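Before any comments, here is the structure.
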Amino acid sequence: MLSETKTRFVGKTIIHKANTRGHFDYGWLKTYHTFSFSNYYDPERVNFGMLRVLNDDTIEAGEGFGTHPHNDMEIVTIPLEGAVAHKDSTGGEGVIYPDEIQVMSAGTGIHHSEYNHLNDGTTKLLRLWIFPDKKDTNQDTIRNFLIRKKEKINCNSLSLLKRRVITCG
């Protein structure tokens, strides 16, 4: 069992206990922040290498994030339950489900909105923000990856995730 401290180092592994994350309940959004983000600030948890944000969000039916900008960031959205409706300034529009991962590359700038696509029920998702290798690129893209259960991930098509978030064998 881990001690009551917020952070524990085990060899080269850093463990942050779930109950030590920043938590906010905005009514339509219940969110847990692993690293400093929005109204949550912990000087010991600003980012982890190139990983800037790891948020665990629950969004009420029909609610979400209105159109807002991003630049110089790779944003990964992983729906766990429900469905996320996405629309962006590249002309992309669609819905992502728990068997998909969306990777948005915001170089010089992209505007997007995301909403719980369900009329009844919550959507739960993980959100990761990753600092890109290069800043001010005009590579504003949206990529969706379908992940089928009991199927091996094609790591060649997930080069961003392979480098930064997951280890592929």
Query raised in the report: Could you give me the ³J(HN,Hα) list for region 58-68, computed from phi with Karplus coefficients 6.51, -1.76, 1.60 and θ = phi - 60°, whole Hz, x at Gly and Pro?
Result: 10, 10, 5, 3, x, 9, x, 9, x, 4, 8
Query - Difference of contour (0.36 nm per residue) and Cα-Cα distance, TYR26 to THR13 - result: 1.4 nm
Report summary line: Non-local residues with an amide H under 5 Å from the amide H of LEU118, with H modelled 1.01 Å from N and Pro and chain starts lacking one, are GLY62, ALA83
Query - At 0.692 mPa s and 37 °C, Stokes diffusion of region 45-143 via Kirkwood alpha-carbon radius, µm² per second - result: 240
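Bear in mind these aren't lab numbers, they're just calculated from the coordinates by the rules spelled out. Just so it is clear, the model here is predicted, and its values are computed rather than measured.
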